[in-house]
């Protein structure tokens, strides 16, 4: 398991941001939705199916944020313990997020940790809002700044694209129509193989399984040419977060296939609608010993949003971090 996760998780995610945010192609209209992302231990991918989004979102959103540890070495130690305990809780109940994508802008709110990240592909800026303290910081997508002090972030420069090529082979089957999260969807199961070849010739392969339920409308993506593959700070490379990063990167590669010549896709069975908006996705990685873990993303509360929506702006009562 660890070797496979290290292979796929070259993109490090902000706590469950993962739920699917490739920067591939601009959308003609905006969309907003809520999501829950969590880990599920399983050896049978077909057993993973949509449940009640309302119940799952309520449970994830009610999770308590990490306690503030105070000053000094002891305070910092207490804060690290609280963050570890909170991460374990999020793995079980899931991470609640709010998403907004319109035009060249994207915003993701991590409800439990009270943090929002706004990406503006025209201004080429990444803005992080601390919703608890009502502060913000802005970095350039071209020249990322050093992380803020105080132990609140483990960020740094964005990952660099090394020019690797990804060959994807997918075998699909149909699960049928189903209402998920208030939307009509069609379900699919896919057995997938990803082969990543670096410019040096080094090659690695990862196998995965996908259970997905897709709507008839397109997933909106802001277009950020020349940028890193994702916006935001990096998190600890713990195994759970590496799993989420693995799933996020995998879905980005699937959506990018056909748009970027470095990503090739060969499918058998019915074509999987990778570019359509998914209401449910469960991505399972299985180790050689048969043990498996799945990264599950559920969505709901879908509604249209405009690029001029206040969600993409810094609130007037927020102050800039020094």
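I want to make sure I understand the PRE zone here: with the label point 7 angstrom from the Cα of residue 309 toward its beta carbon, which residues in the range 105-133 have backbone N atoms less than 16 Å away? The answer is 105-111, 116-121, whose backbone nitrogens lie closer than 16 Å to the label point.
Between residue 319 and residue 142, the simple label model (points 7 Å from Cα in the Cβ direction) yields a spacing of 3.2 nm. For the pair residue 122/residue 62, report the inter-label distance in nm, with labels modelled 7 Å from Cα in the Cβ direction. Here the answer is 4.2 nm between the modelled labels.
No value in this document is a laboratory result; all are computed from the given coordinates. Values in this document were obtained by computation on a predicted structure and should not be read as measured data. Using ideal geometry, Cβ is built from the backbone for each residue, glycine included, and neighbour counts are taken over all protein chains shown.
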